[in-house]
Amino acid sequence: MKKFIGSAIALACVLPVLAGALSSGLEAGEKVSAFRPTHVAGPDKGTKTCPPCKYGNRPAVQVWVNGDDPKNVAAIMASLAKSGDTHKKAELKTFVLFITDKDASKVTEKELTEMGMCLCTCCCDCSNVGVAFVSPTDPAIEKYKINTDSSVKNTVITYRDKTVVSKQINVKGKEGVKSLQASIDAMVKVDSATTTGN
């Protein structure tokens with residue numbers, strides 16, 4: 001019995017460490033690289049446009065979705081649309097990348113909605129948010145260090161000049177969205193200050 005209690009205490013001490021060790025996405029200071037997702041909505045719909053290649057040094061956000069709750073994805077998309085509108089002058093680019101085996105050529109708007117894509121225009125205009133599919137076996141998953149474990153529902157990477165500024169894992173709810181918006185605001189503010197100084 002004492003041995004069992006001792007083991008339980010040891011496990012209880014290890015679990016918080018393991019939970020804190022959850023990792024996904026490129027670290028601040030690392031460079032984003034070329035990849036070709038299949039765009040199903042947004043400015044590049046119907047293409048395999050490489051976001052870092054096309055949009056160069058502009059500030060950008062990539063949200064990698066790994067089986068996240070559709071309502072949460074929709075909230076994140078609405079937040080990205082709002083940030084894109086707020087930072088229009090800075091030419092902020094935003095992308096939601098669904099890690100999925102779905103055939104992009106056959107996906108319907110209903111299926112996209114079921115996955116969490118925000119299609120409503122009553123509260124925001126999500127038309128400028130790029131939405132794309134990335135296969136779980138795509139080399140980009142490894143390049144961007146995306147953790148596809150079921151415990152990682154989303155990975156958010158913000159970058160400018162093709163260099164990662166920040167990342168967040170499992171953005172969820174109002175507080176998560178608020179934190180995401182704050183990190184975008186901070187990135188664009190620094191970017192604007194740098195541009196003004198040149």
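The values are calculated or read from the model by the stated rules, or taken from the named source; none is laboratory data. None of these values were measured; they are calculated from a predicted model. Cβ coordinates were reconstructed from backbone atoms using ideal geometry, including for glycine residues, and neighbour counts include every protein chain displayed. Calculation scope for accessible area: heavy atoms of the full protein, side chains included, ligands and nucleic acids excluded. Shrake-Rupley method; radii C 1.70, N 1.55, O 1.52, S 1.80 Å.
Limited to segment 151-186, what total is found for residues that are within 15 Å of Lys82 (Cβ to Cβ) and assigned to a helix (DSSP H, G or I)?
Here the count works out to 11.
Would you say Cys120 is at pLDDT below 95 and open to solvent by less than 30 Å² (accessible area, probe 1.4 Å)?
Criteria not met by Cys120.
Could you list, in sequence order, the residues of segment 85-97 that are open to solvent by 20 Å² or more (accessible area, probe 1.4 Å) and within 21 Å of Gln168 (Cα to Cα)?
Thr86, His87, Lys93
Output the strands (runs of 3 or more DSSP E) that fall wholly within segment 1-104 and possess 1 or more residues being at pLDDT below 95, under 18 Å from the mean Cα position of the chain (by Cα) and farther than 23 Å from Thr163 by Cα, or say none.
Of the strands (runs of 3 or more DSSP E) lying wholly inside segment 1-104, those with at least 1 residues that are at pLDDT below 95, under 18 Å from the mean Cα position of the chain (by Cα) and farther than 23 Å from Thr163 by Cα span 38-41.
For a quick check of your reading of the model, give me the residue pairs whose first member lies in segment 65-90 and is on the phi > 0 side of the Ramachandran plot, whose second is part of a loop (DSSP other than H, G, I, E, B) and open to solvent by 20 Å² or more (accessible area, probe 1.4 Å), with beta-carbon atoms closer than 8 Å and at least 6 apart or on different chains.
The qualifying pairs are Gly67/Ser150; Gly67/Lys153.
Please determine whether any residue of segment 137-144 is modelled with pLDDT of 85 or more, in contact with a helix residue (DSSP H, G or I) (Cβ under 7 Å, 6 or more places away or on another chain) and not in a strand (DSSP E or B).
Taking every residue of segment 137-144 in turn, none turns out to be modelled with pLDDT of 85 or more, in contact with a helix residue (DSSP H, G or I) (Cβ under 7 Å, 6 or more places away or on another chain) and not in a strand (DSSP E or B).
Can you say whether Asn147 is open to solvent by 40 Å² or more (accessible area, probe 1.4 Å), in contact with a helix residue (DSSP H, G or I) (Cβ under 8 Å, 6 or more places away or on another chain) and closer than 30 Å to Lys106 by Cβ, as far as the supplied structure shows?
Taking the combined requirement at face value, the residue does not satisfy it.
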